[in-house]
Structures are given as C-alpha cells and as structure tokens.
Amino acid sequence: MRKLGTFPTGTERRRAGSRTHRAFAGEGALRRTLLVLTFLCFLHAPAFGRQSVEGLPLGPDYPYRSPLDLVAGTDAGSVYVINHTGASVERVDLETGELTGSVALEGAPSGLVLDAEGRRLYVARGTADGAIDIVDTRAFERVGTIPAGHTPLAPRLSADRRTLYVCHRFDNEVAAYDLERRERIASLAVGREPIAAAVTPDGRRLLAVQHLPAQAANARVVAAQVDLIDLDQFRSSATITLPGGSTSARGICISPDGRFAYITHNLARFGVPTTHVERGGMNTAALSIVDIDRGAWLTTVLLDDIHLGAANPWGVACSADGARLVVAHSGTREISVIDRAALHEAIDAVAAGQAPAGFASSLAQIPNDLGFIHGLRRRLRLPGDGPRGVIVRGDEAIVAQYFADSLARIDLADSNPALETRHIPVGEPAEPNAVRRGEIAFHDALLCFQQWQSCASCHPDARADAVNWDLLNDGIGNPKNTRTLLYSHETPPVMITGIRPRAEVAVRAGFRFIQFAVVPEEVADAVDVYLRALRPLPSPYLVNGALSESARRGRELFADTGCLRCHSGPYATDGKLYDVGVGPDELGIREFVTTPLLEVWRTAPYLFRGQAATMEEVFTRFNPNDEHGRTSPLTEEQLRDLVEYILSL
C-alpha cells in the first residue's frame with residue numbers, strides 16, 4: 001500500500017481554516033452567562049477513557065463483564081472474548097470452561113481479530129481516545145498499543161497480515177494501519193457511523209456497514225448503507241443502500257466463496273401510524289444480502305415469524321462449509337440457524353419467477369414477506385440474555401451473552417440441544433444493580449407483545465434511530481423524528497411537542513403504547529435509573545478534549561446570534577416550547593420543545609421532522625427568516641464556526 005504519511009485523526013483533519021472577524025458584538029453579561037453554560041456543559045461529559053458506547057460511567061459500581069464479541073483460537077478448544085464493560089480480553093478453554101488468560105485494558109473493548117498464526121490478537125479499544133491493543137497470545141499479555149480514532153470498531157486484517165483496517169465509528173471513516181511500524185497510513189471517509197466490517201476471502205475488498213441512515217428523515221429513501229472498499233487502491237468502489245427503513249445495523253459476515261455478504265439490521269416500518277405492533281407493524285428483524293461482485297443489494301429476508309418477532313438482530317456468522325448462517329437476536333435471547341443453500345435456492349426461484357404461490361413474487365417483495373424464511377431456519381433459545389457476537393466452529397455455535405456475563409455453546413446438529421449444559425461464565429457473577437436491571441429491560445423484547453421490539457429498537461445505545469415515527473401521542477398523521485434519551489429525565493417536558501410532562505411518564509407510556517404491554521412498576525423504575533445514569537460521549541469535534549479554535553469563535557457567535565436565549569443552562573435547553581419557523585406539522589402544531597444540545601453531534605437529522613440532514617441546514621435551508629437565531633448575516637466561515645461549536649457540545 002502506498003504510504004500517505006502520518007495521518008491525523010478524522011477529528012484533527014477537520015480543524016483547517018483561517019480566523020475570521022466576528023460580525024456581532026455580544027453584551028458582557030451574555031458572554032459571562034455563555035462561559036458558565038460552557039463550563040457546565042463540559043462538566044457533564046466524562047473524561048476520555050473507560051466508558052461504554054452508551055456513556056455509562058464504568059468502574060467498581062458497574063462490576064459486569066458484558067462479553068461483546070469473540071474469535072476462535074487456532075487450536076481446537078479455545079476462544080478469545082472481549083468484555084465490554086469489564087474492559088478486558090479473556091482466553092476461554094471451551095472443554096473445561098476455564099479462563100486460561102486475562103488481559104486488563106484501559107478502556108471498553110469493542111472488537112477484535114486474531115492473526116492467521118494465532119500469535120497476535122488485535123483489540124479495538126472503543127473509546128473517544130481510541131486505540132488498538134496488541135496482545136501476545138502465548139504470554140497472554142499486551143505488547144503494544146496503536147493510537148486510533150474516535151470509537152474504533154471491527155478491526156480486520158489484510159491478506160498479507162501487514163495492514164489492519166479499523167472502522168472509526170464517530171469519525172465516519174475507515175483507517176489503515178501498518179502493523180510493522182504501528183502507525184496509521186491511510187484514512188477513507190465513509191458513511192455514517194461505520195460499525196461492522198468484513199474482508200472478502202481473496203483479501204481484495206472490505207465491506208463497511210453504516211449503523212444509521214445519513215439522510216434527512218423525510219427523504220424519499222431513509223436507510224443505512226454499506227461501503228464497498230477496494231483495498232488495492234484503498235478507495236470506495238460502491239455505496240450500497242439497504243431497503244428503506246434499514247437502521248441500527250450491527251453485524252456482517254461473508255460467505256466462504258466470497259460471493260455474498262449478510263448484514264443484520266432493523267427494518268423500521270415508520271411510514272404508517274403505530275396503531276399495532278403485531279405482524280411487524282413497527283419493527284422487523286432483517287438480514288440483507290449483498291452481491292459483492294455486482295456491488296449491489298440482492299434482497300432482504302425477514303427473520304421474524306408471522307406471530308412472533310425476533311427483535312434486534314446483532315452478530316451473524318457463516319459456517320466454514322457455507323452450509324449455515326447463524327444470527328444472534330439480542331432482544332429475544334435466541335439464535336436463528338439458517339440453511340444457506342436452501343435460502344439462496346428460494347431467492348433464485350423468486351428471481352426466476354418460479355417461486356411457489358405466496359406473497360413474494362419478486363426480490364423487491366421479499367423484505368415484506370414474513371413467511372419467506374419459514375422452513376429454512378430454526379430458532380433456538382439461549383440459556384443467557386443479550387446475545388451479541390457469534391462464531392461457528394464445525395457443528396457448534398458459540399455466542400457472547402452480554403447480560404449473562406457468559407458464553408453459550410450450541411450444538412447445531414442437535415435438533416433439541418441441552419442448552420443448560422453449555423453455559424460458560426467469563427467471570428465471577430455479580431447481582432445486577434438498578435442500572436444494570438434497567439439496561440437489561442431497555443434491551444428486552446420479551447417485554448413486548450409478541451417480542452417485536454424493545455426500547456433499544458428505536459433508541460439504539462439509548463439514542464435515536466434517525467427515522468420519523470407517528471406515535472399517536474399528539475394525534476395521527478404527523479410523524480416526528482426520534483429523540484435521544486440522554487438527559488431526558490433532567491430536561492422536561494419530553495417528546496418534541498412536550499406532550500409528556502416528564503420522562504417517567506414517557507417510559508411507562510412507551511411500554512403501553514409502543515410495546516403494547518404492561519410491565520411491573522419495578523421494571524419501569526429500573527429503566528428510569530438506567531437512563532439517568534447515561535452520560536454524553538466526548539464529541540469528535542473536540543481537539544484533545546478541548547474546543548478547537550473554530551469552535552471557540554463559534555461559542556461567541558452562539559451568544560451573538562441569540563441561540564443562548566433558549567439553549568441555556570447545564571443541558572443547553574430552557575425546556576420551553578417555541579415557534580422557530582420550521583412548522584407547522586400536518587395537524588397545525590407550530591411550537592416545539594427546545595432541544596438539549598449536549599451530544600447533538602450524534603443525533604442527526606435535526607428539527608421536528610428530521611428534515612435537516614445536517615446542522616448547517618438548520619441555519620440555512622430551514623431558517624430563512626432568522627426565527628431560529630440571527631444566522632443570515634453570517635459569512636460562510638462564521639457559520640462553520642457556529643456549527644463547529646454546537647457539534648462540540
């Protein structure tokens with residue numbers, strides 16, 4: 001690979017630009033208020049280091065392992081597993097169930113890969129000041145660290161094992177690292193939040209899966225995408241859009257012959273009012289298939305049954321012989337075991353117009369056919385909760401059970417596996433505290449009528465899925481963009497129209513009217529505790545944890561343009577409703593709650609209908625009369641400074 005020099009992080013590359021003069025003179029009292037606001041905002045942000053992707057402050061008060069992903073060792077009986085909140089990597093002997101090695105890490109790990117010789121383990125440390133930790137598997141100790149970008153994920157090795165490719169989730173890029181020199185050699189901007197990746201068997205291409213849609217929420221097609229990267233030239237050769245409504249993508253695997261990629265995600269049915277949840281009325285679990293040689297989407301198969309959802313698919317793996325696909329369903333505590341050959345035979349029959357009588361008569365109809373996969377897969381319940389990563393070794397699947405602090409071993413050849421005998425703890429069990437119980441309930445689709453969704457289905461990582469929902473809480477026919485739940489309990493009222501006076505009310509209404517179920521009060525109480533424990537992640541727009549020069553200029557403009565009048569206080573909101581000229585909605589509603597700005601860099605699209613794909617559009621396309629701040633007199637550079645500051649909060 002051509003050396004491109006020592007690359008700064010994606011954050012640092014955005015810092016170019018010359019100093020501009022301010023157009024407005026702010027008043028002294030307003031500026032002092034602004035300084036207090038800035039101090040309080042950053043007071044709430046955790047220090048760089050050990051934290052979960054949700055922003056949970058980890059430590060002695062959160063003593064859980066949370067196995068997230070795993071890889072098979074080169075010998076027959078071992079696997080390596082990363083513990084996300086436990087901040088460690090473990091070696092597990094599958095036959096004895098013993099931990100034969102453990103390495104403590106300085107931050108929550110988010111992905112791993114083992115070299116072909118089994119001598120080096122590369123572990124992504126998924127924090128704002130990300131890194132790649134190198135673990136010697138013989139001595140089982142950390143032997144080096146490579147600085148990385150914001151929240152590195154999905155490390156993958158090149159065919160010659162000299163280059164490591166890593167997704168930097170919140171820098172929206174894929175980076176290449178020279179392993180001999182232990183430095184970054186190239187970076188490639190991709191779509192929104194690359195979260196999963198896989199290299200083709202020939203080593204020539206890498207597929208990077210975007211977690212969320214990047215479009216405005218009222219666009220014609222709102223869907224996550226997949227970047228197909230040519231590794232010989234390290235450039236994107238195609239961007240593949242998944243079906244409309246594809247969001248919360250989590251996993252990818254590639255068939256052994258390199259022809260197809262399989263991607264897990266939610267398929268949100270947000271185009272209709274949420275009058276029911278059964279038969280996939282709101283969310284369905286999906287497996288999208290990409291034809292790699294064509295660089296195109298083939299079709300999407302639903303993983304639910306007609307009367308039973310299979311919520312929140314996560315990890316996916318293909319057996320070495322290509323016979324089986326295994327999908328972990330994090331919301332329903334089970335796996336799907338799919339006959340891959342039979343699946344493609346059924347898809348080919350539809351494409352040729354030879355499918356048996358049924359709903360799907362074309363590839364485009366398969367994503368709406370809940371019965372398509374019937375007879376092609378088995379659903380197997382797991383002994384533990386929160387399945388995430390999965391691998392297949394021969395006739396056995398091994399699954400990381402996030403909330404059970406354990407691994408599950410499943411005999412895929414057994415039609416009725418004895419699951420209770422294949423449960424391997426990865427640490428000393430700890431009784432869940434209130435935060436952990438709330439986190440579990442937040443992700444638990446078994447609390448929902450027919451298991452179709454959990455709170456996390458629309459609020460991945462307790463944030464937002466980037467689509468619009470018509471929840472009927474303020475009338476019918478007026479969809480609103482999903483809001484983050486960060487600090488929702490501290491910033492009443494909630495919902496964009498302020499229809500719920502407090503977050504506690506919204507949590508209980510969510511179970512009744514979104515999951516169509518009634519839960520015990522102690523479950524709702526625990527969810528409240530979990531949501532209150534969340535903290536914002538440091539913004540990728542910060543430089544070494546501080547505002548950039550551009551953002552410092554933008555901080556003054558934030559006051560001068562009038563933004564501070566509504567976006568004030570420790571959460572950058574006064575909690576009031578205003579008409580800022582972006583309405584009305586379909587029912588004539590014009591006033592909307594002032595949005596808290598902490599971690600707003602993570603919650604695009606913006607405004608009540610998600611009509612602004614970027615923060616720039618908030619102040620240009622959707623503020624023609626300066627009702628949302630006096631931004632029309634700003635120069636282009638001043639506007640960039642203002643946006644830089646807001647996205648740094």
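When peptides 570-581, 260-271, 555-566 are ranked by their average number of other Cβ atoms within 10 Å per residue, the highest-first order is 260-271, 555-566, 570-581.
For the pair Arg590 and Leu577 in one chain, pulling the backbone fully straight at 0.36 nm per residue adds 3.8 nm over the alpha carbon distance.
If you find the alpha carbon centre of the stretch 172-244 and of the stretch 534-552, how far apart are they in angstrom? When both Cα centres are located, 24 Å separates them. Taken about its Cα centre, the chain carries a charge dipole of about 1280 debye when Lys and Arg each add +1 at the Cβ and Asp and Glu each add -1 at the Cβ. Over the stretch 389-518, what is the percentage of antiparallel beta bridges among all DSSP beta bridges, to the nearest 5? Antiparallel bridges: around 95 percent, rounded to the nearest 5. Charged side chains reduced to their Cβ positions (Lys and Arg at +1, Asp and Glu at -1) give the stretch 69-137 a dipole of some 160 debye around its Cα centre.
Applying 0.36 nm per residue to the separation of Asp75 and Arg378 and subtracting their alpha-carbon distance, the gain on full extension is 106.2 nm. Each Cα pair under 8 Å and six or more residues apart adds its separation to the average, and for the chain the resulting relative contact order is 12 percent. Along the axis of the charge dipole computed for the stretch 476-547 (Cβ charges of +1 for Lys and Arg, -1 for Asp and Glu, origin at the Cα centre), the listed residues Leu534, Ile476, Phe511 are led at the positive end by Ile476.
Kyte-Doolittle mean at least -1.0 and Cα extent at least 20 Å along the axis: which DSSP H helices of the chain qualify? Span-like helices here: 28-43. Measuring nothing but how far apart in sequence close Cα pairs (under 8 Å, 6+ apart) lie, relative to its length, the stretch 103-182 scores a relative contact order of 22 percent. For the stretch 487-574, relative contact order (Cα pairs under 8 Å, six or more residues apart, normalised by length) works out to 22 percent.
Can you classify the stretch 225-275 as rounded, prolate or oblate using the Cα gyration tensor, where a ≥ b ≥ c are the square roots of its eigenvalues, rounded means a/c under 1.5, and otherwise it's prolate if a/b beats b/c and oblate if not? Here the stretch 225-275 falls in the prolate category. Between Glu98 and Glu183, the simple label model (points 7 Å from Cα in the Cβ direction) yields a spacing of 4.4 nm. Placing R0 at 35 angstrom, the Cβ-Cβ distance between Asp395 and Glu141 gives a FRET efficiency of 0.55 after rounding to 0.05. Placing pseudo-labels 7 Å out from each Cα toward the beta carbon at Asn368 and Ile476 gives an inter-label distance of 2.0 nm. Peptides 336-346, 310-320 ranked from most to least packed, by the mean per-residue count of other Cβ atoms within 10 Å: 310-320, 336-346.
For a paramagnetic label modelled on His307 (point 7 Å from Cα along Cα→Cβ), amide N atoms under 15 Å away belong, within the stretch 254-278, to 278. With Rh defined as the Kirkwood radius, the inverse of the mean 1/r over Cα pairs, the Rg/Rh of the chain is 0.95. In this rough spin-label picture, where each label sits 7 Å from Cα along the Cβ direction, the Ala357-Thr239 distance is 4.5 nm.
Considering only Leu114, Gly610, Val226, the residue lying farthest towards the positive end of the dipole of the chain is Gly610, judged by Cα position with unit charges set on Cβ.
Every read-out reported here was derived from the displayed coordinates using simple, explicitly stated rules and does not represent laboratory data. This structure is a prediction, so every number in the text was calculated from the model and none was measured. With ideal geometry, Cβ positions are generated from the backbone for all residues, glycine too; neighbour counts draw on all protein chains shown.
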